[in-house]
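Values in this text are rule-based calculations from the coordinates and carry no lab data. As the structure is a computational prediction, the values presented were derived from the model and not from experiment. Heads up, the Cβs are rebuilt from the backbone with ideal geometry, glycines too, and the neighbour counts pull from every protein chain shown.
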Amino acid sequence: MKKKLSGLTMMVLCTLAGLKAQDSAMAVTDPLAESKQDVVGYSAYKPKWEVTSNVTLALSRFTGNVSRNLNDDPYLLMVRRFDYNEKGNQSTWRMGVNGFRRKSEDMNGGFSGSVFRKSEENWASLVVGREWRRDLGYGFYTSWGLDTRGLWRNSISSTVQFDGSIGVMTEIVTEANEYGGSLGCFGGIGLKLHQRIALYTESIVYGQVLNTERLFTVNGAQTTLEAKQTISVVPMVPIALFLTVQF
């Protein structure tokens with residue numbers, strides 16, 4: 001009887017050992033093993049670069065909110081380069097850009113004269129900063145850091161009116177310029193959707209210096225309507241959603 005029990009015990013132990021070895025082999029050969037590990041801790045994959053796009057406008061249009069405007073968001077596109085310390089923690093240098101250019105012209109003609117209107121608007125911003133990240137597990141991570149930002153805006157509109165009855169042409173030009181810079185901090189939270197793809201959002205607080213100038217010109221005679229410098233603190237809650245791809 002004891003011999004039978006001993007034999008049965010040995011058979012069970014051998015079976016368990018075989019199952020354990022089989023599980024280990026499957027974990028090595030399973031093509032999803034790496035992605036499963038990344039879901040628990042995204043630091044298993046260590047990228048060198050990251051490219052980010054602001055997808056808020058696309059989502060807003062998809063949901064029907066066509067009034068959404070990205071002009072005041074800190075960046076539309078961003079590139080990051082990763083560094084790692086001896087503990088494997090992530091830090092990045094980041095550079096983001098945003099901007100647009102808009103131009104329009106129209107002409108109206110009448111019996112006694114014609115009016116020609118032209119307008120142009122340019123806007124650009126550049127963000128350079130340093131970012132640190134910490135893994136929270138299950139694909140979540142937090143980020144924080146410091147940013148510097150440069151800002152430039154220019155808008156100009158002109159109206160040329162010709163009165164054919166008296167042969168007089170009048171040109172009116174309105175121009176506005178804004179330029180300045182800011183320095184501040186940011187913090188955010190992100191979620192890894194894949195080992196190379198993530199969604200995140202962040203909030204910022206900037207101390208900003210902005211110079212504003214508005215000019216009004218009639219037939220070459222220029223008048224300064226406004227010239228001032230504004231110092232302010234600019235907070236921004238997480239209103240933008242960013243999609244990022246790592247490689």
May I ask you to list the residues of the range 174-201 whose amide nitrogen lies under 20 Å from a point 7 Å from Cα along the Cα→beta-carbon direction of LEU146? 181-188
Determine the dipole magnitude for the range 110-235: charges of +1 sit on the beta-carbon of Lys and Arg, -1 on that of Asp and Glu, nothing else is charged, the reference point is the Cα centre, and the result goes in debye to the nearest 20. 580
How far apart, in nm, are the 7 Å Cα→Cβ label points at GLU226 and TYR84? 5.1
Which length gain, in nm to one decimal place, applies between LEU183 and SER114 when the Cα-Cα distance is subtracted from 0.36 nm times their residue separation? 20.0 nm
15 Å cut-off, amide nitrogen to a point 7 angstrom out along PHE162 Cα→Cβ, residues in the range 93-107: 106-107
Sticking with the crude label model, points 7 Å out along Cα→Cβ, report the distance from GLU171 to ARG102 in nm, one decimal please. 2.5
